[in-house]
Amino acid sequence: MFDRPEIEARLRAAVSAAADSAAKRAAAVAILREAQAQGRKVITQALHAQPHAAQGCTRAIAWLTDNVVQSALIVATQLLHPIHTPTTSERLAVLAVGGYGRFEMAPHSDVDLLFLTPYKITAWAESVIESTLY
């Protein structure tokens, strides 16, 4: 449903081939949207085959979302805003909250994320957060 190593390889290739920051983001978004759409198609087919298996569907949507978010974070932290010698204040934790955090996402749920930094937010963290969300 979401082949993370394959998706991440495609992301790395597309981002490295792009000419500028806007093209890099556009390439990454296109790949992640396609992967998410394909995953949702698989989930929809499974739900149509077993309409009373809604709990499995909500968990599958959360799992798919988790993979998309993790891949977006890899793009943001490693490809768009790499930091080679991070300080102690240049760390970031991302937590899923709400239905996503409980691994119970309805088909059209929003994605609630909580970003934590050890101290005041740095320019790097702000860039990573913005790249992940937008």
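Laboratory data are not the source of any read-out in this text; all were calculated from the coordinates shown. These numbers come from a predicted model, not from an experiment. Positions of Cβ are backbone-derived with ideal geometry, glycine not excepted, and every protein chain shown enters the neighbour counts.
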Worksheet, complete the sentence: Length gained if residue 66 through residue 30 is fully extended, taking 0.36 nm per residue and subtracting the Cα-Cα distance, is 11.2 nm
Worksheet item: Which value at 222 nm does the chain reach when only helices count, each DSSP H run of 4 or more adding -39,500 (n - 2.57), with the total divided by all residues and rounded to the nearest 500 deg cm²/dmol?
Response: -19500 deg cm²/dmol
Worksheet item: Mind checking the angle between helix 21-49 and the chain's longest principal axis? C-alpha axes, 0 to 90 degrees, to the nearest 10.
Response: 20 degrees
Worksheet item: Cα centroids of the range 38-62 and the range 94-119: how far apart, whole angstrom?
Response: 19 Å
Response to the item:
Note: residue 9 to residue 23 extended length (0.36 nm per residue) minus current alpha-carbon separation gives 3.3 nm
Worksheet item: Which whole-number value in Å³ per residue fits the convex hull of the alpha carbons of the range 30-134?
Response: 94 Å³
Discussion item. Spelling out what I want: for every residue of the range 117-134, take phi, set θ = phi - 60°, compute 6.51 cos²θ - 1.76 cosθ + 1.60 (Karplus), and round to whole Hz; glycine and proline get x.
Written reply: 10, x, 9, 5, 5, 9, 4, 4, 4, 4, 5, 5, 4, 4, 5, 5, 7, 10
Practice prompt. Starting from the amide H of residue 121, placed 1.01 Å from N in the peptide plane, find each other amide H under 5 Å away whose residue is 5 or more places distant or on another chain.
Written response: none
Worksheet item: Using 7 Å Cα-to-Cβ label points, what is the residue 89/residue 103 separation (nm, one decimal)?
Response: 3.7 nm
